[in-house]
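The values are calculated or read from the model by the stated rules, or taken from the named source; none is laboratory data. Given the structure is predicted, the values throughout are model-derived calculations rather than measurements. Cβ coordinates were reconstructed from backbone atoms using ideal geometry, including for glycine residues, and neighbour counts include every protein chain displayed.
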Amino acid sequence: MSASSTKFRVNIITNRCKECGICIGVCPTKVLVKGDKHNEHGFRYPLPVNIERCIGCRLCEYNCPDFAIFVEVVKK
Amino acid sequence: MVVSTLESSHPLDKYLRTARLPHIWCPGCGLGIALGSIMRAIDKRIKEGTLKKENLVFVTGIGCSARTSFYVNFDAAHTLHGRAIAFATGAKLAKPELEVIVIGGDGDIAGIGGNHLLHAAKRNMDLIVLMITNFVYAMTGGQVAPTTPLGLYTTTTPHGNPEPPLNVVKVVSSLNANYVARASVTHPALVEQYVYKALGMRGFRFIEILSTCPEIFGRHIGMRDPFTLYSTLRSKVIVKQSPSIEESDLDWGKGFVIGEYLVRDNPGYLDRIGRGLK
Amino acid sequence: MRKSFISGNIAIAEGAITAGMRFFAGYPITPASDIMEYLAERLPEIGGVVTQFEDEIASINAVVGASWAGVKSMTATSGPGFSLMLEALGLAVITETPLVVVDVMRAGPSTGVPTKTSQSDVMQVRYGAHGDYVIPVFAPWSAQEAYDLTIKAFNVAESLRTPVILLSDAVIAHLWESVLLAEPGEVEVINRKKPSSPPDEYLPYKPDNDLVPPMATFGEGYNVIVESLIHDERGFYRQDREAYRNLVKRIVNKVLSRVDSLFEVEAYYGDDYKYLLVSFGSTARSALAAARILRKSGIKASLLRLKTLSPLKLETLRKYCDEAEKIFVVENNMGKLVHDVERAAENDKVISLPLLDLEIPEPKDIVEGVRKWL
Amino acid sequence: MKIEILLVGRGGQGILLLGRVLGVAMSKYANLYVTGVESYASETRGGESRVDLIVSDKSEEMDYVKVLNADIALFMYPYNLVKYSEVLKRDAYVFINSTFVKEHPYTTQKVFMRPYNEVAEKVAGTSRVANMVALGHIIAKTGVQKAEYVEKALKEIISENLYDVNVKALRAGLELD
């Protein structure tokens, strides 16, 4: 799944997520929150509910151990 | 929040055997962070034309870290416990145009494989060795490792680890390596930076990457929550530009100094036997 | 062909060079060291590499790595070093890596008598590593055969993608003999099969009909996986019985199915005999001398010499044993090959002559051993 | 034709080189089948040093690699002379370096006692080539090999700067009575 602001898109490959919570913890602007839906392996992946706050720092992407999250710049 | 389905793929997917994902590592394991950072360094080198994808070979031994060879979409070898450096040395000597990267845990590289590490560093063998330190034997269930802190409970030191940890950075620095650095998965940009730099060098290049093992090590120290362990490690990491080797002790109490301990450009083993590429 | 007067160890080195070996890794050990010393001089002159490693473990692992880098590779050692190499020998088996390991036998167990000969490693070279496998083992009895069988060892290793053992001993190592060395093109040299499929379709462990997978190596763009775990045709780790059986049975059968070409024996006085001596390696030379002495005194003895110790073709052994009234298995150990001969022949006909000498056994010791049973 | 040759000396006397030169001459240049076994004590200098050469024009005659019935024997030093009498043929040619061996137990054999060290010293200025004097003497008296082939073998094996002194010694051996 993905969510976009006018500047950035946060993509989550939900079935790779293992619910470690590191992305939520390292995000400096609290874009991500713990989700309530389980993926096919039984893990609750995060949701970028506050996507409009995203500053594109990619800390979530760089710190995700599971290659499950990445950030794109939205092209105008 | 406008939610839509995924349209693009992860920027590192081209270097990963995505059919094998999700990987086997536990939730919050730092290995994936380390691997991602290594891949971004490689990506940068490939994009700028200073590394050919087909020339890169990953060699691993046995252990959690060694499983990186499962997931990299390059030539890869998952060999024997402790023997990755020896295997890698053979491959590099036989075909010097290869860029051979060894990845292993501290048990694999500095425990059972310690002698090969010493001798590869001694001969300044043209290899990159990335030792991922998680302070414990994780794959076998939490036994004491070369880097386990003094006094810590493990399954084989139930009365507390009586041995101080091995400072591998210091050991390798005392030999003939061209590059010795310590990084941490809590600082992935630095992992990427050091690996990128090592890829442009010759001779023996060694990077210790401190990592988090919440499932086993975290449990032993009461930090099973991945982010708790991650942020604790992060708080203990002290980044320095050119740290002195005297600051390199692996001490949970005092914290860990990361940075580039040693950078030089001595002839590598291949140069010395007339098989260098330059 | 050019004639030379060289030692068995040098003959092995020359055979490896003729076969195309260009990477040697080793650790000094008596009585094998001069193979490495000779190659250290010769190999760099023809574009090869010789490196002395920190131990035998590193040596054989480097050989596996070099073979995966596309270069024919070898190591040489003696019993104690071979013991250290066993784990990586298993790695070579499961990853189907072509390589040759030379074991120049010396007296053991343990450090034993380093400078003296023995034939005690028969079991170790065939069965030493854990897990199920069969690998070819060849045992020369002369410097010429050390040369010829080294070439054969490489050809078999490359064509079957398997480690192959050349089992020599301290006597063969250091005897100097007339040897005909081949010029390029004078002997057949086999190289491993390369894949014909493009990289995105290539499966590193998918065999052809001959049970041997084509082998892409490092740096060719095939993203090969060298996998020490049980794996499927893609090289992916599998823990299920089906994958386990597929892999292990194929690795065993690719060797066993070639037993006809792999198993070689030579018979001396094989047309008319009552007593059959069975031997191999340097001891077979004493056994041949003993057979001659016995025949001179009217005792119809013959010699069957095994050039191959694995895989064995029991039918062939049986054919020779059936003709004999008694079979004497002559070996310089406490009795190893005798177990195989007992499987091939009627048990009560087989007599073990374990010589356990430190030198090449003297013919008279064998003659006496035989006479006791007549 | 099968010939067994036993060469015995003290480590450092060049017995192994002697055996190697004769072996190459017979194998490579005379086209015979040759097996040579070298044995020596673990000390580099001083222990007994021995070469067994088995020679034949037929490959099928080659079997056991050690000398059991010597046709030719050389003793450069008084090691185990009594023991070796067991492996000498009755009519064997026996060459003895009288520089070191003063007495011997051989009675039926054709025995030649010459001071190889002194001869070497005299003709080549060094006793280190006594081995070549002995080799020359052996081939002259037994005819086991042509001097021409032995010189070729010597040229092949020995480093260039030592060739002259060695060949001088060899030729002096050929002239010994």
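Some points to look at:
- Of the residues making up the stretch A:1-22, those that are within 9 Å of chain B (Cβ to nearest Cβ), closer than 26 Å to B:Ser211 by Cβ, touching a strand residue (DSSP E or B) at 6+ places or on another chain (Cβ under 9 Å) and not basic (Lys, Arg) number 8.
- Of note, C:Ala153 satisfies the criterion of being at pLDDT 95 or above and assigned to a helix (DSSP H, G or I).
- Any chance B:Arg67 is in contact with a His (Cβ under 9 Å, 6 or more places away or on another chain), farther than 20 Å from C:Glu56 by Cβ and surrounded by fewer than 24 Cβ atoms within 10 Å (Cβ to Cβ): yes
- Put simply, of B:Gly200, B:Gly253, B:Gly218, B:Gly276 the only residue that is farther than 22 Å from B:Ile128 by Cβ, surrounded by fewer than 24 Cβ atoms within 10 Å (Cβ to Cβ) and small (Gly, Ala, Ser) is B:Gly253.
- Top-ranked residue of the stretch B:1-30 - restricted to ones that are without any contact (Cβ under 8 Å) to a residue 12 or more places away in the chain and of a type in the set (D, E, K, R), ranked as surrounded by the fewest Cβ atoms within 10 Å (Cβ to Cβ): B:Glu7
- Test result for B:Asn73, touching a strand residue (DSSP E or B) at 6+ places or on another chain (Cβ under 6 Å) and of a type outside the set (A, V, I, L, M, F, W, C): yes
- Of the residues making up the stretch C:305-341, not one is among the aromatic types (Phe, Trp, Tyr), more than 13 Å from C:Thr283 (Cβ to Cβ) and in a strand (DSSP E or B).
- Some residue of the stretch C:3-11 being surrounded by fewer than 20 Cβ atoms within 10 Å (Cβ to Cβ), within 14 Å of chain B (Cβ to nearest Cβ) and either hydroxyl-bearing (Ser, Thr, Tyr) or part of a strand (DSSP E or B) (or both): no
- Test: residue in the stretch A:7-19 that is assigned to a helix (DSSP H, G or I), among the charged types (D, E, K, R) and in contact (Cβ under 8 Å) with a residue 24 or more places away in the chain: yes
- Of all residues in the stretch B:203-215 being farther than 19 Å from B:Asp126 by Cα and touching a strand residue (DSSP E or B) at 6+ places or on another chain (Cβ under 8 Å), the one that is nearest to the other protein chains (Cβ to nearest Cβ): B:Ser211
- The residues of the stretch C:191-244 that are assigned to a loop (DSSP other than H, G, I, E, B), of a type in the set (D, E, K, R) and free of Cβ contacts under 8 Å to residues at least 60 places away in the same chain, listed by number, are C:Lys193, C:Lys194, C:Lys206, C:Asp208, C:Asp210, C:Asp232, C:Glu233, C:Arg234, C:Arg238, C:Asp240.
- Apart from one condition, D:Tyr93 fits all of (1) at pLDDT 95 or above; (2) under 13 Å from the mean Cα position of the chain (by Cα); (3) within 25 Å of C:Thr117 (Cα to Cα); the exception is (3).
- Among the residues of the stretch B:27-38, those that are part of a helix (DSSP H, G or I) and either among the small types (Gly, Ala, Ser) or more than 26 Å from B:Phe135 (Cα to Cα) (or both) comprise B:Gly32, B:Ala34, B:Gly36, B:Ser37.
- Members of the stretch C:190-225 found to be aliphatic (A, V, I, L, M) and within 18 Å of B:Ala94 (Cβ to Cβ), listed by number: C:Met215, C:Ala216, C:Val224
- Within the stretch D:21-34, the residues that satisfy the criterion of being touching a residue at least 60 places away in the same chain (Cβ under 8 Å) and touching a helix residue (DSSP H, G or I) at 6+ places or on another chain (Cβ under 6 Å) are D:Val21, D:Val24, D:Ala25, D:Tyr29, D:Ala30.
- Checking the stretch D:32-51 against the condition returns a match, with at least one residue being closer than 20 Å to D:Tyr149 by Cα and surrounded by fewer than 23 Cβ atoms within 10 Å (Cβ to Cβ).
- A count restricted to the stretch A:39-60 and to residues that are crowded, with 23+ Cβ neighbours inside 10 Å and not hydrophobic (A, V, I, L, M, F, W, C) stands at 3.
- Test: residue in the stretch A:40-51 that is under 21 Å from B:Thr212 (Cβ atoms), of a type in the set (Phe, Trp, Tyr) and within 11 Å of chain B (Cβ to nearest Cβ): yes
- Evaluated against (1) under 19 Å from B:Pro188 (Cα atoms); (2) more than 8 Å from chain B (Cβ to nearest Cβ); (3) among the hydroxyl-bearing types (Ser, Thr, Tyr), A:Tyr62 falls short on exactly one condition, (2).
- Residue count, the stretch D:55-101 (criterion: hydroxyl-bearing (Ser, Thr, Tyr), under 19 Å from D:Ala25 (Cβ atoms) and either away from every other protein chain (no Cβ under 14 Å) or without any contact (Cβ under 8 Å) to a residue 40 or more places away in the chain (or both)): 2
- Test for B:Ile33: is it at the interface with another protein chain (Cβ under 9 Å from one of its Cβ atoms), under 13 Å from the mean Cα position of the chain (by Cα) and touching a residue at least 40 places away in the same chain (Cβ under 8 Å): yes
- Filtered residues of the stretch C:127-140 (kept if in contact with a Ser or Thr (Cβ under 8 Å, 6 or more places away or on another chain), over 19 Å from C:Leu358 (Cα atoms) and surrounded by 21 or more Cβ atoms within 10 Å (Cβ to Cβ)): C:Ile135, C:Pro136, C:Val137, C:Phe138
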